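Chemist: Provided herewith is a single structure, encoded as structure tokens, for subsequent inquiry.
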Amino acid sequence: MPAASAADLLAWYDRHRRALPWRALPGETPDPYRVWLSEVMLQQTTVAAVKPYFEKFLTLFPSVAALAAAPEEAVMSAWAGLGYYSRARNLHACARAVAAAGDFPDTEEGLRKLPGIGAYTAGAIAAIAFDRPAAAVDGNVERVMSRLHAIETPLPAARAQIRLFTQALVPERRPGDFAQALMDLGATLCTPKRPACALCPWMRPCRARAEGLQETFPRKVKKEKGILRKGAAFVALRAGDEAVLLRTRPAEGLLGAMAEPPTSAWLPDYDPAKGLLDAPLDARWKRLPGVVKHGFTHFPLELTVFLARVAAETKPPEGMRFTPRAALDTEPLPGAMKKVLAHALSGPVPLAAPAPRPPPEPDLATPPEPEPPPRRGPIPKPASSRPSDLARIVKKAPKPVRTR
């Protein structure tokens, strides 16, 4: 069986490379800022999902200096919906560190010292942006290499072995193109299911294909499902401007510094029937049918949604705010909370309790209107000359017959 060749992969890449908004065209010098931004966004996220966010970030923050100077709220709002929100906080911290240093480090070792940059991201930036002979091993590369060598060790234990195999193939010339070629191979041909082996430049040296077991690699340890957690979410709509009551989650922890409608604690034994005890304010709360389901990395979540409309003069509780419904796009709402709002706002909204109206004060300058004359009673009908029904029913006695 022949050995895999970087030259074969690069020849395939030159013909079939993907056109991506962050990827430099042939002959262009890659921009480290665009490379770094795309690699952070692509962690645990698909290319299709990242594209619009990447374009939006470049519009809002065209340089690492602009990103570093932006307030955290603006960065979190721009990131909202992309998931794994600790990446956004690390992205902002990294931008500040790079702006303070004047530029990105150009080695794996230097890049690893920056916030939010691990082994894969450091290798990818070093190879793609600075043409360093570094191995960039993401999920696509793990799949390609485990099939190429038929690695029986399951992930994640096999990662060290996969990195060694990958590093051994990195060429001195065009290491950045090699890194991107491996990613493209895994994304387009060496896919998790039904890989297109007949089109692969490494078809002949692939051990898994030779054994007919390519779809069984990489080996993985079955993940245990997290325990289901439950909770309640409260969507309060203010009359008049349709503003929604929101708050900001703590900076540390799950969904840190993101916006949300107030919720209860998320617990395995939470009882939605007692959800009103956790309501943020007094209102006519209506429990909506169904639940909002969302999956986090370590556990699934089910939220029961309560909806209320409050009066226009209602003040938000301490630490909360009313955001006009038309301005919700400016809030850093994570996907789970967007589902909550969509569930709450898709149907009819209950009316707020009407405030009692005070009696009107008398207008002493205007004389009172005269009372209307009393209404006349009904005019009695005249007695009818027609015989009554009773008279028609009761027949007169016959006259006696006279005899001669």
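Chemist: Only one of Leu277, Leu281, Leu301 is over 23 Å from Val75 (Cβ atoms), touching a residue at least 40 places away in the same chain (Cβ under 8 Å), open to solvent by 20 Å² or more (accessible area, probe 1.4 Å) and out of contact with any helix residue (DSSP H, G or I) (no Cβ under 6 Å at 6 or more places or on another chain). Can you tell me which? Please lay out each step first, then the result.
Modeler: On the way: Leu277 fails: touching a residue at least 40 places away in the same chain (Cβ under 8 Å); Leu301 fails: open to solvent by 20 Å² or more (accessible area, probe 1.4 Å).
Exactly one residue qualifies, and that residue is Leu281.
Chemist: Moving to a separate point now. When region 138-163 is examined, which residues are found to be of a type outside the set (D, E, K, R), within 15 Å of Asp184 (Cβ to Cβ) and open to solvent by 20 Å² or more (accessible area, probe 1.4 Å)?
Modeler: Gly139, Asn140
Chemist: Tell me which residues, restricted to region 242-270, are open to solvent by 70 Å² or more (accessible area, probe 1.4 Å) and more than 24 Å from Ala78 (Cβ to Cβ).
Modeler: Leu267, Pro268, Asp269, listed by residue number.
Chemist: Still on this structure, please answer the following. Among the residues of region 303-334, which ones are out of contact with any His (no Cβ under 7 Å at 6 or more places or on another chain) and in a strand (DSSP E or B)?
Modeler: Answer for region 303-334, where residues must be out of contact with any His (no Cβ under 7 Å at 6 or more places or on another chain) and in a strand (DSSP E or B): Leu303, Thr304, Phe306, Leu307, Ala308, Arg309, Val310, Met320, Arg321, Phe322, Thr323.
Chemist: May I pose another question? Residues Pro195, Pro201, Pro205, Pro175: which one is touching a Lys or Arg at 6+ places or on another chain (Cβ under 7 Å) and modelled with pLDDT of 95 or more? Quick ask: steps written out before the conclusion?
Modeler: Details: Pro195 fails: touching a Lys or Arg at 6+ places or on another chain (Cβ under 7 Å); Pro201 fails: touching a Lys or Arg at 6+ places or on another chain (Cβ under 7 Å); Pro205 fails: touching a Lys or Arg at 6+ places or on another chain (Cβ under 7 Å).
Going through Pro195, Pro201, Pro205, Pro175 in turn, the sole match is Pro175.
For (1) hydrophobic (A, V, I, L, M, F, W, C); (2) under 15 Å from His149 (Cα atoms); (3) open to solvent by 60 Å² or more (accessible area, probe 1.4 Å); (4) part of a loop (DSSP other than H, G, I, E, B), each residue gets a yes or a no:
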site: Gly176; (1), (2), (3), (4): no, no, no, no
site: Ala181; (1), (2), (3), (4): yes, no, no, no
site: Thr191; (1), (2), (3), (4): no, no, no, yes
site: Gly212; (1), (2), (3), (4): no, yes, no, yes
site: Glu215; (1), (2), (3), (4): no, yes, yes, no
site: Ile227; (1), (2), (3), (4): yes, no, yes, yes
site: Gly231; (1), (2), (3), (4): no, no, no, no
site: Ala236; (1), (2), (3), (4): yes, no, no, no
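Chemist: Next question, about the same structure. In the list Tyr53, Tyr85, which residue meets the criterion of being surrounded by 14 or more Cβ atoms within 10 Å (Cβ to Cβ) and in contact (Cβ under 8 Å) with a residue 60 or more places away in the chain?
Modeler: From the options Tyr53, Tyr85, the qualifying one is Tyr85.
Chemist: Of all residues in region 88-97 being open to solvent by less than 10 Å² (accessible area, probe 1.4 Å) and free of Cβ contacts under 8 Å to residues at least 40 places away in the same chain, which is farthest from the chain's Cα centre (by Cα)?
Modeler: So the residue we want is Ala95.
Chemist: Let me ask you something else. Residues Ala239, Ala210: which one is under 30 Å from Ser264 (Cβ atoms), over 26 Å from the mean Cα position of the chain (by Cα) and not hydroxyl-bearing (Ser, Thr, Tyr)? Explain how you work it out, then say what you get.
Modeler: Values: Ala210 fails: under 30 Å from Ser264 (Cβ atoms).
Exactly one of Ala239, Ala210 is under 30 Å from Ser264 (Cβ atoms), over 26 Å from the mean Cα position of the chain (by Cα) and not hydroxyl-bearing (Ser, Thr, Tyr), namely Ala239.
Chemist: Assess whether Ala74 counts as being surrounded by fewer than 19 Cβ atoms within 10 Å (Cβ to Cβ) and at pLDDT 95 or above.
Modeler: Criteria not met by Ala74.
Chemist: Is region 164-173 home to any residue that is farther than 27 Å from Glu108 by Cα and surrounded by fewer than 20 Cβ atoms within 10 Å (Cβ to Cβ)?
Modeler: Checking region 164-173: not a single residue is farther than 27 Å from Glu108 by Cα and surrounded by fewer than 20 Cβ atoms within 10 Å (Cβ to Cβ).
Chemist: Suppose we filter region 12-30 for residues that are free of Cβ contacts under 8 Å to residues at least 12 places away in the same chain and within 32 Å of the chain's Cα centre (by Cα); how many remain?
Modeler: 3
Chemist: For region 94-124, which residues satisfy the criterion of being of a type in the set (A, V, I, L, M, F, W, C) and closer than 23 Å to Asp138 by Cα? Give the steps one after another, and end with the answer.
Modeler: So in region 94-124, the residues of a type in the set (A, V, I, L, M, F, W, C) come out as 94-95, 97-101, 104, 111, 114, 117, 119, 122, 124.
Of everything in region 94-124, those that are of a type in the set (A, V, I, L, M, F, W, C) and closer than 23 Å to Asp138 by Cα turn out to be Cys94, Ala95, Phe104, Leu111, Leu114, Ile117, Ala119, Ala122, Ala124.
Chemist: Condition first: part of a loop (DSSP other than H, G, I, E, B), more than 13 Å from Pro105 (Cα to Cα) and among the aliphatic types (A, V, I, L, M). Now tell me which residues in region 117-144 satisfy that.
Modeler: First, the residues of region 117-144 that are part of a loop (DSSP other than H, G, I, E, B): 117-118, 131-138.
Still in the running and more than 13 Å from Pro105 (Cα to Cα): 118, 133-138.
Ala134, Ala135, Ala136, Val137, listed by residue number.
Chemist: Can you tell me which condition Gly110 does not meet? The list is (1) buried (at least 18 other Cβ atoms within 10 Å of the Cβ); (2) more than 13 Å from Gln180 (Cα to Cα), and all the others hold.
Modeler: (1)
Chemist: Can Ala181 be described as of a type in the set (Gly, Ala, Ser) and touching a Ser or Thr at 6+ places or on another chain (Cβ under 9 Å)?
Modeler: Numbers: of a type in the set (Gly, Ala, Ser): yes; touching a Ser or Thr at 6+ places or on another chain (Cβ under 9 Å): no.
In short, no.
Chemist: I'm trying to understand the selection: among the residues of region 304-316, which are open to solvent by 30 Å² or more (accessible area, probe 1.4 Å) and either under 17 Å from the mean Cα position of the chain (by Cα) or not charged (D, E, K, R) (or both)?
Modeler: Ala311, Ala312, Thr314, Pro316
Chemist: While we're looking at this one, here's another question. When you scan region 1-108 for helices (runs of 4 or more DSSP H) that lie fully inside it, which ones turn up with 2 or more residues that are charged (D, E, K, R)?
Modeler: 6-16, 32-41, 47-60, 72-79, 86-101
The values are calculated or read from the model by the stated rules, or taken from the named source; none is laboratory data. If you're wondering where the values come from, they're calculated on a predicted model, not measured in any experiment. Don't worry about glycine lacking a Cβ; one is built from the backbone with ideal geometry, like all the others, and counts go over all protein chains shown. Each accessible area value is taken on the protein alone, full model and side chains, heavy atoms only, with ligands, DNA and RNA left out. Shrake-Rupley method; radii C 1.70, N 1.55, O 1.52, S 1.80 Å.
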